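The values are calculated or read from the model by the stated rules, or taken from the named source; none is laboratory data. From a predicted model like this one, the values you see are computed outputs, not experimental measurements. Cβ atoms come from the backbone with ideal geometry, glycine included; neighbour counts cover every protein chain shown. Ligands, DNA and RNA are stripped out before the accessible areas are found, and what is left, the full protein with its side chains, is counted by its heavy atoms. Shrake-Rupley method; radii C 1.70, N 1.55, O 1.52, S 1.80 Å.
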Amino acid sequence: MTKPVRVAMIGVGAISGIYLQNLTETFREVELIGVCDLIPERAETGVRKVREMVENGAKAVIPKIYKDMYEAFRDPEVEVVLNLTRPYEHFEVTKQALLHGKHVYSEKPLAVDMEEADALVSLAEEKGLLLGGAPDTFLGAGIQTARRIIDSGMIGDVIGATCAMVCHGHETWHPDPEFYYKRGGGPMMDMGPYYVTALVQLLGEAKAVMGMTKKSFSERIITSDPHAGETIDVDVDTHLCGNILFSNGAVAQILTTFDVFYSPQAQARFEVYGTRGTIAVPDPNTFGGPVLLLRPEDQAAAPKTDPALQRKTVPNIYEGYKEIPLMYDYAENSRALGLADMCKALRTGRAFRANYRQQHHVLEILTSFTKSSQSGALVPLKTRYERSAPMQNNPLHGVLDD
C-alpha cells in the first residue's frame, strides 16, 4: 500500500462532519493532519470528533489545529488542501493554497463566477498542481449504474433529460443559512452542481444554455436555531429554470427553486429519455439508488389500471418501471470519495475523476442560466469537456482502483 496523502481541512462547518468521518474511518488514501476555521470552536469540535473515532478503533492521526489558513499552507507536511469554506470564499482560499504550492480539492462550486474560475484554472496549470472538487456523488453506485445503462445502449440514443430540485429554502433547518441567499448562493449554485455534474457524466459535453430566472421573495425569515427570527436580505435569484443543449444533440430541462412548497418525498426528480426507453436516475445529491428503467416491452406487460380508479388515486409515475440492481460500490454517503480518488491519482500518476475541467464546465453551465435570462438569448459555452473514466469495483471496499 502506498503512503497516504497528507491533507489539511480549511473550514469546519456543517458539511465537514461527513468528511471527518469518512477521512478517518473509510479512505486509506488520505491522512487528515490538520484543520482550520475562522471560528476556533468549530475546529476544536472537529478534532474532538476525530479523537472519539480513534478511541473507538479508527486508525487515524489526531489532526492539529492551525491558527489560520496560512499556517496550514506553510506546513511542509501538507500536500493537499481541502477547501470546505463558503462558496464566496472558495476563490481566495484555493488561490492562496495554489500559490503556496499545494494541490487543492474544493467543495462545490469551483468559484462563484467564470472570471474567478478561469484564474484558478490558469494558476493550477501554470504551477502543475492538481485542482478538483465536489460534487463527487456521481462516483457513487447510483449515477455510475445509470451511466453504464445509458452507455450500453439499453435506452437507445439519448433524446433528452428532465431534472428538478424543488423546495422552500434552507432557512428552516440550516444553522447558518444566510450565505445561500448571497453572492455564490441560490438554488442553482447550491444544488445545481449535483444535477448538472450528473448530466454531463451521463450525456457528455454541453454546448449552449438558455434560461429564465427570478427572485420571488426579497427577504427570508430564519426559523432554525441559532439565528431564529433573524431576517435575510435576498441578493440572488431563487427560482431558475432552463434548457441545456448537449453536443450529442440531447436537450435537458432543469428547474431549481427555493421558492416552492413541495412534498419532501418529491423534491428531487431526474429522468433521462432515449429512443428505446427511459431511466429514472436517483437523487444526484446521494450516492445510492434506486435506478429505475422503463422500456416499451415492460410498459406493455404492466397490469392495466381502470382509468376511472386511476383518476381517484394519486398516480405512481414510475408504475411499470423495473429497479436495476446497483452495479458499483459506494451506495452509502461517501463524501470525500472524490478527494480520495484525487489522492490516489497523485500517488499513481493516473487521471482523477472529480477534476477541475468538469467543475469548470459545470460552473459555466450554472452561471449561464442567469446570463441567458438577462440577455434573453441562447448562451454558447466556451469550456470543453470530456467525461472521466467510469468507476471500477474493487474487492476491498474503501480502497480505490489503481
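Relative to the Cα centre, the charge distribution of the range 1-153, modelled as +1 at Lys and Arg Cβ and -1 at Asp and Glu Cβ, gives a dipole magnitude of about 540 debye. Taking the charge dipole of the chain about its Cα centre, with +1 at Lys and Arg Cβ atoms and -1 at Asp and Glu Cβ atoms, the residue from Leu99, Pro193, His174 reaching farthest to the positive side is Pro193.
In the range 1-94, taking the dipole from charged Cβ atoms about the Cα centre, the farthest positive-side position among Asn56, Leu82, Thr45 is held by Asn56. Of the labelled options (i) 1.21; (ii) 1.25; (iii) 0.97, which one gives Rg/Rh (Cα atoms, Kirkwood Rh) as computed for this structure? Computed from these coordinates, Rg/Rh (Cα atoms, Kirkwood Rh) corresponds to label (iii). Counting every alpha-carbon pair across the range 57-123, the share separated by more than 13 Å comes to 64%. Ranking Met212, Tyr262, Ile150 by how far each Cα lies toward the positive end of the dipole of the chain (charges on Cβ) leaves Ile150 at the top.
Principal-axis analysis of the Cα atoms of the chain puts helix 141-151 at an angle of about 50° to the longest axis. Per-residue 3J(HN,Hα) values for the range 76-85, derived from phi via the Karplus relation 6.51 cos²θ - 1.76 cosθ + 1.60 with θ = phi - 60°, read x, 6, 6, 9, 10, 9, 9, 9, 10, 7 Hz in sequence order (x marks Gly and Pro).
Among the listed pairs Lys108/Lys215; Lys67/Lys127; Lys102/Lys214; Lys3/Lys382; Lys49/Lys127, those whose Cα-Cα separation exceeds 32 Å are Lys102/Lys214; Lys3/Lys382; Lys49/Lys127.
Surface exposure of the chain, expressed per residue as accessible area with a 1.4 Å probe, stands at 44 Å².
Nearest 10 degrees is fine. How inclined is helix 40-55 to the longest principal axis of the chain, computing both from alpha carbons? The helix 40-55 is inclined about 80 degrees to the chain.
Building the convex hull from the alpha-carbon atoms of the range 227-293 and averaging its projection over directions returns 7.4 nm². For the range 3-101, the C-alpha radius of gyration divided by 2.2 N^0.38 Å, with N the number of residues, is 1.00. Overall, the accessible surface of the chain at a probe of 1.4 angstrom is composed of carbon and sulfur to the extent of 52 percent. Against the chain, whose longest principal axis is taken from its Cα atoms, helix 337-348 shows a tilt of about 60°. Taken about its Cα centre, the chain carries a charge dipole of roughly 820 debye when the Cβ of each Lys and Arg holds +1 and the Cβ of each Asp and Glu holds -1.
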